[in-house]
Amino acid sequence: MSESDGTFRSLSKGFVKDYRDLLAYRTSFELSREIFEVTKPFPKEEMYPLTDQFRRAIRSVGANIAEAWGKRRYEKHFVSKLTDADAERLETQHWLRTSYACEYLSKDEAEKMNEKLLELGRLLNGMIERSSAFVIGDDRVQEDPSIDEFFSLETSSSADR
């Protein structure tokens with residue numbers, strides 16, 4: 001993915017146009033692609049009980065972040081959707097542990113993905129704790145240095161590829 005295909009773009013500090021600018025969304029999207037790739041060689045008998053569930057859980061994280069963004073005019077709705085995203089993140093961790101326990105993933109793969117899931121949890125919980133800074137009446141998030149860590153301001157990141 002790249003900025004040129006419109007999936008992600010670089011940001012100017014202080015302006016957030018949509019959910020794709022959120023670091024939590026970018027992280028979940030990247031993890032979704034990684035999980036899709038690592039689950040390709042899983043056994044056919046695991047297609048629904050594990051592979052599909054694992055993929056659906058991580059995809060739901062990003063979907064809930066996008067929905068939260070759409071509901072950010074109402075703080076309780078915003079927080080509710082972020083809470084749903086965090087619950088899906090925890091489900092993803094469950095499927096990650098299950099995949100590792102079944103020896104479908106290496107220790108290194110599982111540890112790297114788990115670290116990203118933990119970081120994603122920190123981002124989501126930080127957004128929940130500072131939800132009022134995200135909730136406003138127009139299409140922009142006001143400049144608030146206390147929430148800068150939740151936005152990706154790099155012009156080229158691994159999520160852009």
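Fewest-first ordering of Leu90, Leu120, Leu96 by other beta carbons within 10 Å of each residue's beta carbon gives Leu90, Leu96, Leu120. Two decimals, Cα atoms only, Kirkwood Rh: what is Rg/Rh over the range 19-153? With Rh from the inverse mean 1/r over Cα pairs, Rg/Rh is 1.03. Take the residue pairs Lys17/Lys112; Lys17/Lys71; Lys17/Lys76; Lys81/Lys116; Lys17/Lys40; Lys17/Lys81 and return only those whose Cα atoms are more than 23 Å apart. Over 23 Å Cα-Cα: Lys17/Lys112; Lys17/Lys40. The per residue volume of the convex hull around the alpha-carbon atoms of the range 24-84 is 64 Å³. Among Met113, Met47, Met127, the ranking by other beta carbons within 10 Å of each residue's beta carbon, starting with the fewest, stands as Met47, Met113, Met127.
Read the figures in this text as sums done on the coordinates, not as results from a lab. Because the structure is predicted, anything quoted here is derived from the model rather than measured. Cβ atoms come from the backbone with ideal geometry, glycine included; neighbour counts cover every protein chain shown.
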